[in-house]
Amino acid sequence: MRIEPIPPRRRRSFLAPMVDVVFLLLLYFMLVANVQDLRAIPLNAPAATGGAPTEDLLVIRLLADDVLELNGTPVGLDELALRLRDALSHDPDLTVWVRPASAVPLQQLVRVMDRVRAAGVHHLNLVSE
Amino acid sequence: MRCSVPPPRRVREPIAPLIDVVFLLLIFFMLVGVIAPPEPFAVEPPAAERASAEGGGQLTILLAADGRLAFEGMELDLPMLQARLGERLAEAEGREVGVELKADATVASGRVIAVLDALRAAGVERLGLLTVRGNP
């Protein structure tokens, strides 16, 4: 009996499935990656907690129910921005203290901080009640 | 003189080197990318319109709506967090380390300030409060 040698078959490499796998991996990493655009509001460390200058101290109190007080007098958000700009024109380097009531949700506090920073205040401190 | 038009040669696109390069890129990004530990609870940061400066803090602390804290994928309490942060700051050996607080939008402000004070007490100098872009 004569056995014929098997002719070497030319195998084509499977490129298409390999490309599929690469795309799947790519897709996986794109989906897993965290793309949320997070921005930070910088917070000053209060340099002198006890001995803050009391002369032109600006304290914004944030009470429950969206009530704002600037140095003891109730103000609205727009009026607050106006008063802050006015104060900034005298002292562009002034520090503003924000004092929220402890039950106020953070979103409300951030909204006020946002307005304060929009008015041009660079030094913003948070203090507790 | 008669110039003969060269017959169009069939050039096969070399695909294999292309795939090699793609794999190299993939391996590069897998090695370079840091896989963040999954967050132990969902946190939705508050929205801010003018959320200002870039992040740039290397350490992120999570604060859930009910006041729970997490750091590096682990839930812990305030004294433990201070201890862990102290270790991280000691590892930095004097280089400034930025710390960011990713707090939920509904968490009470008093809790946020208490955590911030604790972070400062632990020696953190550059602090930030993370927000998402949006209309508050």
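The values are calculated or read from the model by the stated rules, or taken from the named source; none is laboratory data. What you are looking at is a predicted structure, and each value in this text was computed from that prediction instead of being measured. Cβ atoms come from the backbone with ideal geometry, glycine included; neighbour counts cover every protein chain shown.
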(request) Return the total of residues in segment B:119-128 being facing chain A (nearest Cβ under 7 Å) and part of a helix (DSSP H, G or I). (result) 1
(message) Among the residues that make up segment A:87-104, is at least one of them among the small types (Gly, Ala, Ser), surrounded by 15 or more Cβ atoms within 10 Å (Cβ to Cβ) and more than 8 Å from chain B (Cβ to nearest Cβ)?
(response) yes
(request) For segment B:105-114, state whether one or more residues are more than 7 Å from chain A (Cβ to nearest Cβ) and either in contact with a strand residue (DSSP E or B) (Cβ under 6 Å, 6 or more places away or on another chain) or part of a strand (DSSP E or B) (or both). (result) no
(request) For B:Glu91, indicate whether it is at pLDDT below 85, out of contact with any Lys or Arg (no Cβ under 6 Å at 6 or more places or on another chain), acidic (Asp, Glu) and not in a strand (DSSP E or B). (result) no
(request) Might you check whether a residue that is at the interface with chain B (Cβ under 8 Å from one of its Cβ atoms), modelled with pLDDT of 80 or more and in contact with a Ser or Thr (Cβ under 7 Å, 6 or more places away or on another chain) occurs anywhere in segment A:109-116? (result) yes
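Quick grid of which residues meet (1) of a type in the set (A, V, I, L, M); (2) closer than 30 Å to A:Arg115 by Cβ; (3) facing another protein chain (nearest Cβ under 7 Å):
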residue: B:Leu63; (1), (2), (3): yes, yes, no
residue: B:Arg68; (1), (2), (3): no, yes, no
residue: B:Asp77; (1), (2), (3): no, no, no
residue: B:Val99; (1), (2), (3): yes, yes, no
residue: B:Ala103; (1), (2), (3): yes, yes, yes
residue: B:Asp117; (1), (2), (3): no, yes, no
(request) Give segment A:71-100 a look and list any residue that's over 20 Å from A:Ile41 (Cα atoms) and assigned to a loop (DSSP other than H, G, I, E, B), or say none. (result) A:Asn71, A:Gly72, A:Gly76, A:Asp91
(request) Kindly indicate which of B:Gln82, B:Gln58 is more than 18 Å from the chain's Cα centre (by Cα), of a type in the set (S, T, N, Q) and at pLDDT 75 or above. (result) B:Gln82
